[in-house]
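Before any comments, here is the structure.
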Amino acid sequence: MMSHVSPTNGPSDQIAARLFRLSLGVFFIGGFVASSVSLLVPRVRMAWGLNYTQAGAIQFASFSSYLVFAVPVAAFVARRGYMRASAVGLTLMAVGCALLIPGLGGRQYTGVLLSLTCIATGATFLQIAGNNVMTVVGNPRRAAVRLNLLQGFNSLGTVVGPLIGATTLIATMPGHRTSSGLPAFSFGLAALVLAALAFAFLQNRSLLSGLGPDAGGSLAGGWRSALRDRRLQGGAVAIFAYVGAEVTIGALLTDFLMTSHAGAWPPVVAARSVALYWGGAMIGRFAGAAMLRQVPPARLLAWAAASAATLVLAAIMGHGWVAAAALLSIGLFNSIMYPTIYVIALPPQADRAPVGGMVLCIAVVGGAVIPLLTGLLADHFGLISALLLPSLCYLPVLLFALRHHAPKELALTISS
């Protein structure tokens with residue numbers, strides 16, 4: 001359903017509040033699963049004897065579905081509505097997490113990749129449905145604040161994930177024993193929570209009904225006009241680069257901390273310390289939500305991108321605690337990038353929003369491409385030198401923020 005949403009108090013505000021509460025769990029468990037998957041990179045690399053490129057294929061499987069399935073998912077969202085699309089996405093993620101347990105237990109590399117593809121397909125539904133609806137429901141001038149708050153809970157999940165899952169790395173070290181049930185615990189817990197949330201969204205599938213006429217044809221009708229939108233194009237490039245940088249750093253951070261360049265941290269300590277990286281993102285998103293009440297989104301985005309690029313370079317050129325602290329600190333500045341880029345780039349028109357969300361979702365495939373390329377560079381030139389690629393990824397984000405500092409027209413709409 002599509003309709004203009006008034007920023008004043010009324011039924012639409014009550015619906016927005018209820019939707020926000022439902023979305024808290026979705027964003028939290030999404031972060032939990034994402035960070036748990038990132039820990040699989042050092043786990044399988046060391047335990048299964050893979051090189052950086054092969055381990056990077058895990059992230060490729062996790063993010064490639066954003067490219068493959070974004071178009072049909074966007075069509076499903078436009079036809080069936082945000083609530084039903086979210087229920088489908090949560091269900092697919094639950095199935096993928098459940099299938100990942102026997103894949104890890106049996107060291108089935110192909111099975112793990114297929115399970116991650118299932119998880120990522122479900123996440124594609126949530127990216128297009130969840131981010132769009134939370135951007136456009138409620139007061140449009142607070143869209144960046146709302147999405148940053150929700151992303152804060154997403155970051156809380158990314159902190160909890162490494163704290164629970166890091167112990168599994170002990171299994172890769174000689175002389176240590178660990179329970180094979182630990183991976184099952186992390187992903188089994190996620191599967192149960194995801195299934196419960198899917199049921200909750202299905203029960204509330206009519207939450208957004210009655211707010212406007214059917215929007216089924218909006219995807220086709222807004223395709224050409226949305227793709228000519230320079231702001232949307234710039235936002236897609238910025239998201240591609242940012243997600244690629246964030247996922248790459250998160251996946252390689254454990255390996256980086258274990259190098260002599262960063263102080264040769266023990267594996268379990270290094271893995272648990274990844275929580276600091278995601279913890280910085282959590283703090284930054286809550287702080288960013290507060291700062292965005294006073295600071296224009298594009299200005300804050302430009303400052304964050306410049307700071308993140310500087311910190312990656314400091315990690316490359318520094319040594320010991322300086323290098324480690326620099327790379328761990330990047331999460332703080334990554335924090336506000338995705339929701340802020342999304343809000344700035346998403347077309348406000350009713351006929352363009354589903355297509356815009358689809359384009360921005362496709363851009364998340366940067367999380368598949370950049371880690372794989374960085375892995376190739378690491379195999380040939382070393383891990384430290386390979387980090388130059390994610391450092392360069394922050395430049396498109398900076399250019400997007402500087403170019404699109406003027407606010408867009410606020411004619412935001414919603415779809416059930």
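The values are calculated or read from the model by the stated rules, or taken from the named source; none is laboratory data. All figures in this text were calculated on a predicted structure; none of them were measured in a lab. Backbone-built Cβ (ideal geometry, glycine too); neighbour counts: all protein chains shown. To get the accessible areas, we keep the full protein, side chains included, count just its heavy atoms, and leave off ligands, DNA and RNA. Shrake-Rupley method; radii C 1.70, N 1.55, O 1.52, S 1.80 Å.
How far apart, in nanometres, would the label points at Leu163 and Arg293 be if each is projected 7 angstrom from Cα along the Cα-to-Cβ direction?
Placing both labels 7 Å along Cα→Cβ, they lie 2.6 nm apart.
Please list 14-22, 113-121, 98-106, 282-290 highest first by mean number of surrounding beta-carbon atoms within 10 Å per residue. All intermediate terms of the calculation are to be shown ahead of the outcome.
On the way: 14-22: 15.7, 113-121: 22.9, 98-106: 18.4, 282-290: 20.6.
Highest mean packing first, the order is 113-121, 282-290, 98-106, 14-22.
Indicate the gyration tensor shape class of segment 299-389 (rounded, prolate or oblate), computed on the Cα atoms with a ≥ b ≥ c the square roots of the eigenvalues: a/c under 1.5 is rounded; otherwise a/b larger than b/c is prolate and the rest oblate.
Numbers: a/c = 4.09, a/b = 1.73, b/c = 2.36.
Verdict is oblate for segment 299-389.
Which whole-number value in Å² is the accessible area per residue of segment 318-398, probe 1.4 Å? Spell out each step's value before the answer.
Details: 2370 Å² over 81 residues.
It amounts to 29 Å² per residue over segment 318-398.
So what J values fall out for segment 65-77 if you push phi through Karplus, 6.51 cos²θ - 1.76 cosθ + 1.60 with θ = phi - 60°, rounded to Hz, Gly and Pro as x?
After applying 6.51 cos²θ - 1.76 cosθ + 1.60, I find 5, 4, 7, 6, 10, 4, 5, x, 5, 4, 5, 5, 4 Hz.
Using packing as a proxy for protection, rank 153-161, 269-277 so that the peptide with the highest average count of other Cβ atoms within 10 Å comes first. Walk me through the intermediate numbers first.
On the way: 153-161: 23.8, 269-277: 21.8.
Descending mean neighbour count gives 153-161, 269-277.
Between the DSSP loop rule and a limit of at most 12 other Cβ atoms within 10 Å, which trypsin sites (Lys or Arg not before Pro) in segment 70-139 are left?
Values: sites: Arg79, Arg80, Arg84, Arg107; in loops: Arg107.
Passing both the DSSP loop test and the Cβ count: Arg107.
Explain nothing, just compute: Karplus ³J(HN,Hα) = 6.51 cos²θ - 1.76 cosθ + 1.60, θ = phi - 60°, for every residue of segment 266-276 in order, whole Hz, x for Gly and Pro.
So the Karplus estimates, Gly and Pro as x, are x, x, 5, 5, 4, 5, 5, 5, 4, 4, 5 Hz.
Across segment 89-98, in residue order, what do the Karplus-derived ³J(HN,Hα) couplings come to in whole Hz, using 6.51 cos²θ - 1.76 cosθ + 1.60 with θ = phi - 60° and x for Gly and Pro?
x, 5, 5, 4, 5, 4, 4, x, 5, 5
Which length gain, in nm to one decimal place, applies between Ala75 and Leu189 when the Cα-Cα distance is subtracted from 0.36 nm times their residue separation? Intermediate values should be presented prior to the final figure.
On the way: separation 114, 0.36 × 114 = 41.04 nm, distance 3.08 nm.
So the chain would gain 38.0 nm between Ala75 and Leu189.
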